[in-house]
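The values are calculated or read from the model by the stated rules, or taken from the named source; none is laboratory data. All values derive from a computational prediction rather than experimental measurement. Cβ coordinates were reconstructed from backbone atoms using ideal geometry, including for glycine residues, and neighbour counts include every protein chain displayed. Ligands, DNA and RNA are stripped out before the accessible areas are found, and what is left, the full protein with its side chains, is counted by its heavy atoms. Shrake-Rupley method; radii C 1.70, N 1.55, O 1.52, S 1.80 Å.
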Amino acid sequence: MDDQSKPKLSLRTLAAQALGIYEPTTMGLVPPIHAATTFIRDPDNGYRSGHVYGRTDNVTIQHAEDVIAALEGADEALLFGSGMAAATAVFLALEMPTHIVASKVMYWGLRSWLQDIGRYGHSITFVDTARLEDVRQAVKPGQTGLFWIETPSNPLWTVTDIEAVAEIAHASDALLCVDSTVSTPVFTRPLNLGADIVMHSATKYLNGHSDVSAGALAVIQGGSLWSRIKQNRRNQGTVIGPFEAWLLTRGMRTLDVRVRAQATAATFLAEKLVGHPAISDVLYPGLTTHPGHDIAERQMTGGFGGMLSIRIKDGEKVAIETAARVRLWKRATSLGGIESLIEHRSSIEGAGSPCPMDLLRLSVGLEDKDELYSDLVQALRI
Ligand code: PLP
C-alpha cells in the first residue's frame, strides 16, 4: 500500500500498535531493545547500515520518537532524558539575546530555571497567558523571539488559548512552544492549533507508569532553532537511553485508554467535591465555573485531563493534615501515572511560588473512582 491509499488511523490505533513495528528476524510482535552504542564498519570503511554511534543513532529511541511524532501530528520528534532536558534544550538553542514571554503559572522547576535565564544572555517576562491583552503588552518588538505556555498549567490548571497566542507570536515573528504534558495529544494537538513546538514531560502521561524519566519535543517543519536543538542534543548527549525509550513506547500503547479513563474520573471527582464544606475551591478546567472552561472545551477535545486541585478552607496546616489521612491516594509529587497522587504543592514549590498554601494537587490514576472519592472524603474533616 502506498502512503496515499493508507487509511488515516486514529490516535488510539496508532498508539496501540506503536506504528506496527515488529522484529523482522524472529517476527516477534514486540520490537527488541537496541542497546548497542557502536556499530561495525564495513571493510571498505563505509557504514552501509547507516548506524555509527549510540549517542546519535539508536533504533529503539527513533521508534519512540516516531510514535510521538505520529500522535502529535508532527514531522519529527526528539527525546531527551527528562522533561526539563527537553524544555531547557529549547531555550539553550535560542539566538542570543532573545526576549521570552512565558506563563506566570507553570511547572515550578522550569519557572525557577527561567528566572535565572539572564545568565544565558536572554531576558524573560512572565505574564498570565490566559489574559491575551497581557500577552500582547509583553511583546518587545524586534526582541521577543519565543512564547512559552503551559496549558492547563500547574497547579491551578489555568487554560491558555493556544491559537490566539500563536497568532500574537507569529505577528511578532516569534515562535510558540507549548508544554502539553497535562493535556496529552489525546485531548490537544498544539501543532494543529498553530504552535511551532510541542513539549512533553514524557515522565508523566506519555509513559504513564511512574517508572521512566523522559522529555519530548516535536515540530511540523523544524527551522533553524530546531536544527540547533538537534545539534545540541547530539553534542551534549542529553538524549534518552534505549531502555527508557523502549519502556516509553510500551507505555504509550495504552495512552488513549488511560488518559480518557483518568479524565472521566477527574471530572467525576471535581463535580462531587464542589460544595464540600471543607473545600473552598475546586480547580478543574472541566467545571463550567472554571474561568478557562470555554477555551478548554474548544482546544481539549474529548476530555479535560486527569489533574485537579482543591483548596482547603481551613488553610495550609489542615491541607497537610488532610493529605496525611488518605489511605488509597499516595502522597507523592509528579503526575500522570496509573496510581492516584495527592500533594501539598506549596511544600515542594517553596518561597515565591504562586501556588496557594492551602492547595492540594490531585493526579487521578486508574483506580476505581468511587473508592478514590470515599478515601478523599474520609480524609477531609469539617
Ligand atoms: N512540565 C510539566 C508540566 C511538568 O509537570 C514537569 C514535571 O513535573 C516537567 C515539565 C518537567 O519534567 P521532568 O520531571 O520529566 O523533567
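Anything in the range 46-88 that is of a type in the set (S, T, N, Q) and either within 15 Å of the ligand (Cβ to nearest atom) or surrounded by fewer than 20 Cβ atoms within 10 Å (Cβ to Cβ) (or both)? List them, or say none. It would help to see each step written out before you state the result.
Narrowing the range 46-88 to residues of a type in the set (S, T, N, Q): 49, 56, 58, 60, 62, 82, 88.
Of everything in the range 46-88, those that are of a type in the set (S, T, N, Q) and either within 15 Å of the ligand (Cβ to nearest atom) or surrounded by fewer than 20 Cβ atoms within 10 Å (Cβ to Cβ) (or both) turn out to be 49, 56, 62, 82, 88.
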Helices (runs of 4 or more DSSP H) enclosed by the range 110-189 - at least 3 residues per element that are of a type in the set (A, V, I, L, M)
132-138, 162-171
Between a residue in the range 143-170 that is open to solvent by less than 20 Å² (accessible area, probe 1.4 Å) and within 16 Å of the ligand (Cβ to nearest atom) and any residue that is of a type in the set (Asp, Glu) and modelled with pLDDT of 95 or more, which pairs come within a Cβ distance under 6 Å, given they are 6 or more apart or on different chains?
150/179
Every listed condition ((1) hydrophobic (A, V, I, L, M, F, W, C); (2) within 16 Å of the ligand (Cβ to nearest atom); (3) open to solvent by less than 60 Å² (accessible area, probe 1.4 Å)) holds for residue 39 save (2)
Pairs needed: first member in the range 332-347, assigned to a strand (DSSP E or B); second member anywhere, among the basic types (Lys, Arg) and more than 11 Å from the ligand (Cβ to nearest atom); C-beta distance under 8 Å; at least 6 residues apart or different chains.
341/330; 341/331; 342/330; 342/331; 343/331
Where in the range 195-283 are there strands (runs of 3 or more DSSP E), lying wholly inside it, with at least 2 residues that are away from the ligand (no atom under 16 Å from the Cβ)?
279-283
Considering each of 112, 123 in turn, give the residue that is of a type in the set (S, T, N, Q), more than 25 Å from residue 221 (Cα to Cα) and within 14 Å of the ligand (Cβ to nearest atom).
112
Among (1) surrounded by fewer than 19 Cβ atoms within 10 Å (Cβ to Cβ); (2) farther than 19 Å from residue 71 by Cβ, there is one condition residue 257 misses while meeting the rest; what is its number?
(2)
Out of all the residues in the range 273-312, which are charged (D, E, K, R) and buried (at least 16 other Cβ atoms within 10 Å of the Cβ)?
281, 311
Residues being part of a loop (DSSP other than H, G, I, E, B) and away from the ligand (no atom under 12 Å from the Cβ) - total across the range 89-108
7
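Considering 382, 342, 338, 320, which residue is open to solvent by less than 40 Å² (accessible area, probe 1.4 Å) and either at pLDDT 95 or above or more than 27 Å from the chain's Cα centre (by Cα) (or both)?
342
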